[in-house]
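Asker: The structure that follows is given in the form of structure tokens.
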């Protein structure tokens, strides 16, 4: 779900850069104020874990597509929204700068799509609501699946909206949102990563 | 975008639930809000940290070789809609500038070194080296891997041993009579190491010797240009240092003592092997430098394995164990002579 620069106009990219920067500033202030010192190493290690986990693409059977973990929800549950958002943002920055995974113009969008929605929408509105306090195993499972699906749906919708509002005409809203699952057009050997 | 990310979301949810359940069992207080007022009792977060670190190294180093080559959800949706695998940007203005900038900065585009063309051409299915950003499909991390499956086996073996060590990690507070700093390299006296400070010290010495040997063999068996593939191996010294309660600073200095020799061995390579292999920004790096660095890294790893073996066992003890297998036991009286290394 790392967007490339080609999907965005400078205006939309810049706007999302601003939004993400604002969120990062807010989170830094918040984390500096009340993060438990013992969670700092956990942040670092989870960042490394997220980095590695995002490299693993599992295939989605029957579609010719694959997906990788976003990891946003997991970090949010373990670290709290603010620290998690910062960790996700730093992972994405490293990926964009050093590994060319996701464009630089799109970096703001990527941070927003992969960080903001799980940390500040899916976690408080879905996960906490279902899991409640002191949940059991079953509740955690249900809550995590629901929240992960919700977070990713919002992120994917946000990708579509950003693309459409950028005026990328080759990706019209309705078809980009719901592409048909037919394997006919995709010889799977010819894919290039972005 | 929406249907395909529904499927991805379900997988993500399941994985998240599994990890959260694990953490809740191991360190329940991590999950408790608010972050502030919480009792700081019990051992540090070390076990959970090590578990995540091991998981990161395992997924990045091993599991990623088996990752799917298919496009991810976003790329797939783009391809379904446009019929092309990738939308191309304007290539000028802001886009062109940022793309150029990124190509300059990103030294590992798509998670692999820009390998020299010659090596690339011989490997089928990995083409387009110079068209940087699209090396081998979506299979990130593919180039981290050494080529042959038997090496993968060796690494996996080493990592399994590591996992074993991790699981055996002691849950008691650190032993105050841990290893004395001065005795880590004193081969002649068993020292506190021999008396078994941690669970690592209590493991049978033969097992530790075998693990160290496997580790050294797998490190040495890599291709001479291997560099990134060696990085996961640093987990071993780190974990043993942590679990064995060994003094890290002292240990690092001891390893550094040996480094000049490794550098001296490797120094000839850049002179003879000048073929450009990697580009990092504007700098061309020849194969000689890469192999030199590889030699140094390997030296660090093997020396640390040996030192750690001594550290968690005590030299006399590990040597004495060999007498079971028919080697001569070092005599007590020889401890006054210069070394005890000739015992076996």
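Asker: Cα gyration tensor of the range A:1-45, axes a ≥ b ≥ c as square roots of the eigenvalues: rounded (a/c below 1.5), prolate (a/b > b/c) or oblate?
Answerer: Oblate, because a/c is 1.5 or more while a/b does not exceed b/c.
Asker: What is the ratio of the Cα radius of gyration of the range A:115-183 to 2.2 N^0.38 Å, with N the residue count, to two decimals?
Answerer: This ratio for the range A:115-183 stands at 1.43.
Asker: Assign one of three labels to the range B:231-278, namely rounded, prolate or oblate, based on the Cα gyration tensor with a ≥ b ≥ c the square roots of its eigenvalues; rounded applies when a/c is under 1.5, prolate when it is not and a/b is larger than b/c, and oblate otherwise.
Answerer: Oblate, because a/c is 1.5 or more while a/b does not exceed b/c.
Asker: Going by the alpha-carbon gyration tensor, a ≥ b ≥ c the square roots of its eigenvalues, is the range A:1-76 rounded (a/c under 1.5) or, if a/c is not under 1.5, prolate (a/b greater than b/c) versus oblate?
Answerer: oblate
Asker: Sorting B:240, B:265, A:159 on the 10 Å Cβ count, fewest up front, what's the list?
Answerer: Least crowded to most crowded, the residues run B:265, B:240, A:159.
Asker: Can you give the relative contact order of the range B:223-288 as a percent, counting alpha carbon pairs under 8 Å and 6+ residues apart?
Answerer: About 20 percent, as a whole number.
Asker: Could you work out how far helix A:39-53 tilts from the main Cα principal axis of chain A, as a 0 to 90 degree angle to the nearest 10?
Answerer: 20
Asker: When you take every Cα atom in the range A:5-167, what is the radius of gyration, and what is Dmax, the widest Cα pair distance, in Å?
Answerer: Values for the range A:5-167 (Cα only, Rg and Dmax): 15.8, 48 Å.
Asker: I've got another one for you. For peptide B:284-291, how many partner chain Cβ atoms fall within 10 Å of a residue's Cβ, on average?
Answerer: Across B:284-291, the average partner-chain Cβ count within 10 Å equals 0.
Asker: Over all residues in A:123-136, what is the mean tally of Cβ atoms on other chains that come within 10 Å of each residue's Cβ?
Answerer: So the per-residue partner count for this stretch is 1.
Asker: For helix A:81-99, what angle does its Cα long axis make with the longest principal axis of chain A, in degrees from 0 to 90 and rounded to 10?
Answerer: Computed tilt is about 40 degrees.
Asker: Please arrange B:12, B:29 by how many other C-beta atoms lie within 10 Å of their C-beta, fewest to most.
Answerer: Exposure proxy ranking, most exposed first: B:29, B:12.
Asker: Further, regarding this structure: Calculated FRET efficiency, residue B:220 and residue B:105, Cβ-Cβ r, R0 35 Å, to nearest 0.05?
Answerer: With R0 = 35 Å, the Cβ-Cβ based efficiency is 0.55.
Asker: Note down the relative contact order for the range A:5-167 as a percent, whole number, built from C-alpha pairs under 8 angstrom at least six residues apart.
Answerer: Normalised by residue count, the contact order of the range A:5-167 is 30 percent.
Asker: Oh, and also: If each residue's Cβ is checked for other Cβ atoms within 10 Å, how do A:163, A:175, A:141 rank with the fewest at the top?
Answerer: A:175, A:141, A:163
Asker: If you take each beta carbon of peptide A:161-168 and count the beta carbons of other chains within 10 angstrom, what is the mean?
Answerer: Across the residues of A:161-168, the mean count of other-chain Cβ atoms within 10 Å is 1.
Bear in mind these aren't lab numbers, they're just calculated from the coordinates by the rules spelled out. This one's a predicted model, so the numbers in the text were calculated from it and none came from an experiment. Ideal geometry is used to build each Cβ from the backbone, glycine not excepted, and the neighbour counts take in all protein chains shown.
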